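Laboratory data are not the source of any read-out in this text; all were calculated from the coordinates shown. Note that the structure is a prediction, hence the values are computed from the model and not measured. Note that we place each Cβ from the backbone using ideal geometry, even for glycine, and neighbour counts take in every protein chain shown.
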Amino acid sequence: MYDPTVARLTYRALLGRRRALILCALPALLLAIAVLVRVTGVADDNVATNLLGGFALATLVPLIGVIVGTGAIGPEIDDGSIVYLLSKPLKRSTIILTKLTVAVGVTFLFAALPVLLAGLIMVGGSQQIAVAYAIGTVVASVAYCTLFLLIGTISRNAVIIGLVYALVWEALFGSFVPGARTLSVQQWGLALVDRLVGSGVEVTSAVALPTAAVLLAVVTVGGTWYAVERLKVLTLAGEE
Amino acid sequence: MTTIRIDHASRWFGNVVAVNDVTFDVGPGVTGLLGPNGAGKSTLINLMAGFLAPSTGSVTLDDRPIWKNEQVYREIGLVPEREAMYDFLTGQEFVLANAELHGLSDPGAATARALATVEMEYAADRRINTYSKGMRQRVKMASALVHEPSVLLLDEPFNGMDPRQRMQLMELLRRMGEDGRTVLFSSHILEEVEQLAAHIEVIVAGRHAASGDFRRIRRLMTDRPHRYLVRSSDDRALAAALIADASTTGIELDFTERALRVQAVDFGRFTQELPRIARSHGIRLLTVSPSDESLESVFSYLVSA
């Protein structure tokens, strides 16, 4: 189910110098804004939920998800080095589950943890905002990682597709077409946040929690299964 | 003793047939897979390495299917043609990772052994992205050997190697063949293949064109009709004199090129007779050049043979 060598190769590739810098930029920005809000004294529950919902969950989490999810497998398939994993007596499910675990771990570090810290910096423990958003982020991250890891096994344009989904579908389309929001990882995360935060803050999600939970499970389990199937039949042709 | 059996295997991509009804066995010893670029060598190796499903037919390792059967990798070592490796690792880390992925009981010792076999210990602690092409090739080789497989598949292993590295690798492959391992390598260079492989499979345009030892393949190649482009002080007179000789079967006067196109059947005799005939008719030869020495034309002759 989990192979430490696959994990080591994956996180070393993921946290290579350039990608690590990109991964640091967004959380750093979030924390900087949080500090600014706190220092200028405008921090209240409303500002905090706006920042964590409007920037963190809406932009930071999907972007980190795209970079990490596709980065966990896409480059190896692109340049063909995945052949060194595939030419081993390793179950394909082990490769995918290991990579997924690493991706979730890395998004935890670069998305959930900064969200928690930003929340704490702005409003401390007030209304459990910080914890609620952090948990929402973790759950959304799992879905994003699965989704983008899957896209990484399907398409060489995984990053583009991921960005289009994250920015166009979730952010833009969702604000015009209400139906699009039902199929939005961000909204599923918000449904969970809504349940977790104190009653004093208003968090709106387009999806009810049970629906969100079912959709999250379907995406995560189905996406993982399909990624394994894709890897089983991955052909390394096109060299000639 | 491990045998890879390719049985009426074809593979197509959309409308393009890359491998067309190929049947042969690869047994212990060194086998060369010879063919021009784009002939389907890599596709065949990918079929044998389990990275492509045959569209029809079967590819098996001692009667077990290779496709979708990751257990066969306990016995297969693969040296891919592509350069990409985990470049951020050192050579040692890379080979060690391969040893661990194979689940070897002592990956550290296996790594040291494999690096010694390819004589790469001296650069084992350098990152792969600082390696030359030949060094990369040798580390790839070490990663393929680390679990001591009974089958070794190499896709164009000599590409980009300097003559010394080439000799070393040939020596290594020869030794592995003598140990009773099944070694198959692809190449588009006849000289490379005949220096190393006792047995040669020739593949052209996806089809299995010839099979046998290098003497047989050599003979097929030199006995074929040769075409020459000849320019002289009097093309028409030379044409008349040449066609009278048994070494030629056809001559064409090419007005645009202002030259003769000569088809010779007896290669040895033609090259001796041409200057003699020209001299005795008082004709000066200006150009004599083989017009179809490209490997592709040699191969295409083999296909029709």
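Some notes on this structure:
- Reachable aspartates and glutamates, given that their alpha-carbon falls under 16 Å from the alpha-carbon of B:Lys68 and they are not under 8 places away in the same chain: A:Glu229
- As a rough guide to protection, the peptides A:181-193, A:97-109, B:48-60 ranked by mean Cβ packing within 10 Å, highest first, stand as A:181-193, A:97-109, B:48-60.
- Chain B: calculated mean residue ellipticity at 222 nm from DSSP helix runs of at least 4, using -39500 (n - 2.57): -10500 deg cm²/dmol
- For B:Arg126, distant residues with modelled amide H under 5 Å away: B:Gly91, B:Gln92
- With K and R counted +1 and D and E -1, the other residues having a Cβ less than 13 Å from that of A:Gln128 yield a net charge of -1.
- Dividing the mean sequence gap of close Cα pairs (under 8 Å, 6+ apart) by how many residues chain A holds gives a relative contact order of 25 percent.
- Within a Gaussian network of chain B (alpha carbon springs, distance under 10 Å), most fluctuating of B:Asp179, B:Asp106, B:Asp213: B:Asp106
- Residues of the range B:249-271 with amide N under 13 Å of the 7 Å Cα→Cβ point at B:Leu286: B:254-260
- Total formal charge among the other residues, if their Cβ is under 13 angstrom from that of A:Gly69, Lys/Arg +1 and Asp/Glu -1: +2
- Shielding score for B:73-86, defined as the mean number of other chain Cβ atoms within 10 Å: 4
- In order along the range B:74-89, the phi-based Karplus estimate (6.51 cos²θ - 1.76 cosθ + 1.60, θ = phi - 60°) of 3J(HN,Hα) comes to 5, 10, 10, x, 10, 10, x, 6, 5, 6, 4, 9, 8, 4, 7, 8 Hz; Gly and Pro are listed as x.
- Degrees, to the nearest 10: B:295-304 long Cα axis against longest axis of chain B: 90 degrees
- Nearest-ten-degree value, helix A:17-40 long axis tilted from longest Cα axis of chain A: 0 degrees
- Sparsely packed loop sites in the range B:158-256 (the trypsin sites (Lys or Arg not before Pro) outside DSSP H, G, I, E and B with at most 13 other Cβ atoms within 10 Å) do not occur.
- Gaussian network model of chain B, Cα within-10 Å springs - most flexible of B:Glu83, B:Glu194, B:Glu148: B:Glu83
- B:Phe13 long-range amide H proximity, modeled H, under 5 Å: B:Ala18
- For the range B:4-221, the C-alpha radius of gyration sits at 0.99 times the compact-globule guess of 2.2 N^0.38 Å, with N the residue count.
- log10 of Debye I(q)/I(0), alpha-carbon scatterers only, for the range A:1-46 at 0.23 Å⁻¹: -0.80
- Given R0 = 25 Å, the distance between the Cβ atoms of B:Val265 and B:Asn37 translates into a calculated FRET efficiency of 0.30.
- Residues B:Thr248, B:Thr23 arranged by fewest to most Cβ contacts within 10 Å: B:Thr23, B:Thr248
- Nearest 10 degrees, 0 to 90: helix A:129-154 Cα axis against chain A principal axis: 20 degrees
- Value of D in µm² per second that Stokes-Einstein yields for the protein assembly as shown, Kirkwood Rh from Cα pairs, at 4 °C (1.567 mPa s): 47 µm²/s
- Chain A - mean residue ellipticity at 222 nm from DSSP helices (-39,500 (n - 2.57) per run, n ≥ 4, rounded to 500): -20000 deg cm²/dmol
- Rough spin-label spacing in nm, given labels placed 7 Å along Cα→Cβ, for B:Arg215 and A:Leu31: 7.5 nm
- Charge tally in the Cβ shell below 13 Å around B:Arg207, where Lys, Arg are +1 and Asp, Glu are -1, B:Arg207 excluded: 0
- Per-pair calculated FRET efficiency, R0 = 56 Å: B:Thr256 and B:Ala116 via Cβ, rounded to 0.05: 0.35
- Highest mobility in the GNM of chain B, judged by mean-square fluctuation with C-alpha springs under 10 Å and restricted to B:Asn159, B:Asn15, B:Asn69, is found for B:Asn15.
- Near the amide H of B:Ala259, within less than 5 Å, lie the amide hydrogens of B:Asp254, all on another chain or at least 5 residues away, with H placed in the peptide plane.
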